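Step one of this worksheet: look at the structure below.
The values are calculated or read from the model by the stated rules, or taken from the named source; none is laboratory data. Note that the structure is predicted; figures quoted are calculated from it, not measured. Here the Cβ positions follow ideal geometry from the backbone for every residue, glycine too, while neighbour counts run over all protein chains shown. The area values use the complete protein model at the heavy-atom level, side chains included, leaving out ligands, DNA and RNA. Shrake-Rupley method; radii C 1.70, N 1.55, O 1.52, S 1.80 Å.
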Amino acid sequence: MSSDSEIIKAINRILVVDDDTYNLLLASKILDKWKVKADYCKNGFEAVQNLTEHIYDFIILDLQMPEANGIFVAQYLQNNQTLNKHTPILLCTNVKIDDDYRDFLKGYAIFYYLFKPFNEEKLLASIKNVFKHK
Amino acid sequence: MSNKYYYSLELLRKSTSNDEDFLQLMIKTFIETNRKSIDELKVAIENNNFKLIGEICHKMQSSYKHLNVSFVIPILEELAQYIYSDGNMEEATSYFNIIDDVSTHIFSELNTYIKQN
């Protein structure tokens, strides 16, 4: 599987979690263009609800959200037998990830990153990275 | 449309695949969400809440970077550090005035763009 269109076609469903409407809209534009099925949530609680109901190929997850943040979602997946226990997380963030922070995030099974503001090319590159290791 | 001293729609236009309707939706969302954030930032400063100042500025960063608001991005990055440690309230107030002034100008220009297109 090498071409971009093959990779996109192989995606069944994605969960996008971000409390910022602007980022959710941007993601929806790209995913609509790709004709990829996606669910959108604004906080960790909504995300957990979706994660118990559908199987996702991966989760685009914002780190800092009020109420229930990205770590809350990652921790939920680690601690519960769900449909998505092994679903890769693409952490979507502004924050620079140094080695210590990378190790911290690995503890929550977060291995992949997408830096904001993202575009179609960046998202595709991150997805290719996820699929390479699947 | 762009003003080289304030912002550019180039990246946003590319991200929306030149879909004008969607571009306008993104612009309206940019204005709405950041107007709200600026109001919240003002209150956070009045309440000397460094962590909340940091969180709001962190959140504002991605959309301001998307529009390449060059005057404001470094300020947001600096204030976002308040999440991790207490900052300087005088500095925060001074920076807030810049964020507010520049953003007001940009919102006004973007609203004009929406009306004209």
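Assorted remarks:
- Whether region A:1-109 is rounded, prolate or oblate, judged on the alpha carbon gyration tensor where a/c under 1.5 counts as rounded: rounded
- For chain B, the longest principal axis of the Cα atoms and the long axis of helix B:20-46 meet at an angle of about 10 degrees.
- Threshold 10 Å², region B:42-80 residues less accessible with all protein chains present than alone (1.4 Å probe): B:HIS58, B:LYS59, B:GLN61, B:SER62, B:SER63, B:LYS65, B:HIS66
- Average other protein chain Cβ within 10 Å of Cβ, residues B:25-36: 2
- Gain in span if fully extended, A:ILE8 to A:HIS54, counting 0.36 nm per residue against the direct Cα distance: 14.7 nm
- Given charges at Cβ of Lys, Arg, Asp, Glu: chain B dipole, positive-most of B:SER8, B:LEU110, B:ASN18: B:ASN18
- Dipole in debye (nearest 20) - region B:24-101, about Cα centre, beta carbon charges: Lys, Arg +1; Asp, Glu -1: 400
- Gaussian network model of chain A, Cα within-10 Å springs - most flexible of A:ASP62, A:ASP19, A:ASP98: A:ASP98
- Neighbouring partner chain Cβ atoms per residue of A:20-29, average, 10 Å criterion: 6
- Cα gyration tensor, region B:46-117 - rounded (a/c under 1.5), prolate or oblate: prolate
- Restriction of the GluC sites (Glu not before Pro) in region A:66-134 to DSSP coil positions whose beta-carbon has at most 16 other beta-carbons within 10 angstrom yields A:GLU67.
- Efficiency of FRET between A:HIS86 and B:TYR113 - r from beta-carbon atoms, R0 45 angstrom, step 0.05: 0.50
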